[in-house]
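The values are calculated or read from the model by the stated rules, or taken from the named source; none is laboratory data. Being a predicted model, the structure only gives us computed values, none of them experimental. We place every Cβ from the backbone using ideal geometry, glycine too, and count neighbours over all the protein chains shown. The protein model used for the area step is the full one, side chains on, heavy atoms only, and it has no ligands, DNA or RNA in it. Shrake-Rupley method; radii C 1.70, N 1.55, O 1.52, S 1.80 Å.
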Amino acid sequence: MSETHSLYEAFLLVPDPRSPLGKRHPLPAVLTLISFAILSGCRSLYAIAQFGRDRGRAFGTALGFTHEKTISCTMLHYLLGDLDRVAFERAIRSWLKGQRSDGWELPIPMAN
């Protein structure tokens, strides 16, 4: 069984598709924010971006953001368009597996 680790740590394994030039936010922080927002009921990029902004600087800092504001809706659009979906799913599966002590496996096949 895999060692228990945080969702942020799982997202460290997802390759960042963005150019190093102008990159403002760490990818694991952004992916963690997206996950929290979706689990909280957000269903659009705008809602996800607003979720992060509404919670303030302390929330962003706790997630690993290094700037005062979290990611914008436009940047989410471009990032998610280029994100390696298989690596993202693998990270989520790794994290979920680490949360279980009974060897439980996800019954859903990975996307291609």
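Just a yes or no: is a residue in the range 5-20 over 24 Å from residue 94 (Cβ atoms) and modelled with pLDDT under 95?
Yes, because at least one residue in the range 5-20 is over 24 Å from residue 94 (Cβ atoms) and modelled with pLDDT under 95.
Residues that are in contact (Cβ under 8 Å) with a residue 40 or more places away in the chain, at least 3 per element: which helices (runs of 4 or more DSSP H) completely within the range 21-82 meet that?
So the answer is 27-39, 73-82.
Kindly list the number of the only condition in (1) crowded, with 17+ Cβ neighbours inside 10 Å; (2) at pLDDT 95 or above that fails for residue 95.
Evaluating residue 95 over (1) crowded, with 17+ Cβ neighbours inside 10 Å; (2) at pLDDT 95 or above leaves (2) as the failure.
Quick check: is even one residue across the range 41-61 surrounded by fewer than 19 Cβ atoms within 10 Å (Cβ to Cβ), over 21 Å from residue 15 (Cβ atoms) and within 13 Å of the chain's Cα centre (by Cα)? Reasoning before the result, please.
Here is the first cut: in the range 41-61, the residues surrounded by fewer than 19 Cβ atoms within 10 Å (Cβ to Cβ) are 41-44, 46-47, 50, 53-59, 61.
With over 21 Å from residue 15 (Cβ atoms) added as a condition, the list becomes 41-44, 46-47, 50, 53-59, 61.
When the remaining residues are screened for being within 13 Å of the chain's Cα centre (by Cα), the result is none.
Within the range 41-61 (the criterion being surrounded by fewer than 19 Cβ atoms within 10 Å (Cβ to Cβ), over 21 Å from residue 15 (Cβ atoms) and within 13 Å of the chain's Cα centre (by Cα)), the answer is no, since none of the residues qualifies.
Which condition number in (1) at pLDDT 95 or above; (2) open to solvent by 80 Å² or more (accessible area, probe 1.4 Å); (3) within 21 Å of residue 19 (Cβ to Cβ) is the one that residue 66 fails?
If we test residue 66 against (1) at pLDDT 95 or above; (2) open to solvent by 80 Å² or more (accessible area, probe 1.4 Å); (3) within 21 Å of residue 19 (Cβ to Cβ), just (1) comes out false.
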